[in-house]
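Heads up: the structure comes next, in structure tokens.
The values are calculated or read from the model by the stated rules, or taken from the named source; none is laboratory data. Just so you know, these numbers come straight off a predicted model, no measurement behind them. Virtual Cβ from ideal backbone geometry, glycine too; neighbours counted across all protein chains shown. For the accessible areas, the whole protein counts, side chains as well, though only heavy atoms, and no ligand, DNA or RNA atoms are used. Shrake-Rupley method; radii C 1.70, N 1.55, O 1.52, S 1.80 Å.
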Amino acid sequence: NGVDKYLEKALPWMIQQSVSCSAFYHFYAHDAEGWLGVTLRSYLKPIAIQIMVLMGADGKESEDDALFAKFAVGFFMIGMGIVRMDQFFGPRFSPFMTLSEMVMGVFSGKKKKVNSKPPANKKNNKKNQ
């Protein structure tokens, strides 16, 4: 009951980001025997080694799964911070949205209406009556 109002529109971005980043990090860096960690490393390891070498890592560092996972999570968090700025896709953008939601959100042009009138002061209303 305490979080219903907080989650009524959608799951907040900070929760989405923290869950996805921590899950990726732990599966990639620590899941040595499970199918998910093995699959992630089998697809990403060749790319990870190239990226780490381009960044100046030596042979041992370029093979370090935890180091690449930290880099990938940091890159994702910084990249999403930039992409979610008003000048790009805006704060409503999420990489977990479907492609159609992304296109409709970018081209809809809907802006939230802001009420420029200050709220009426209840004390002044009572004096006027």
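Taking amide H as placed 1.01 Å from N in the peptide plane, A57 has no amide H partner under 5 Å among residues 5 or more places away or on another chain.
Compared with the direct C-alpha span, the chain from I78 to A66 gains 2.5 nm at full extension, assuming 0.36 nm per residue. Computing FRET efficiency as 1/(1 + (r/R0)^6) for M85 and M55, where r is the C-beta to C-beta distance and R0 is 35 Å, gives about 0.90. Charged neighbours of Q50, selected by a Cβ distance under 15 Å, balance to -3 (K, R count +1; D, E count -1). Per-residue accessible area (protein heavy atoms, 1.4 Å probe) orders M55, M14 as M14, M55, starting from the largest.
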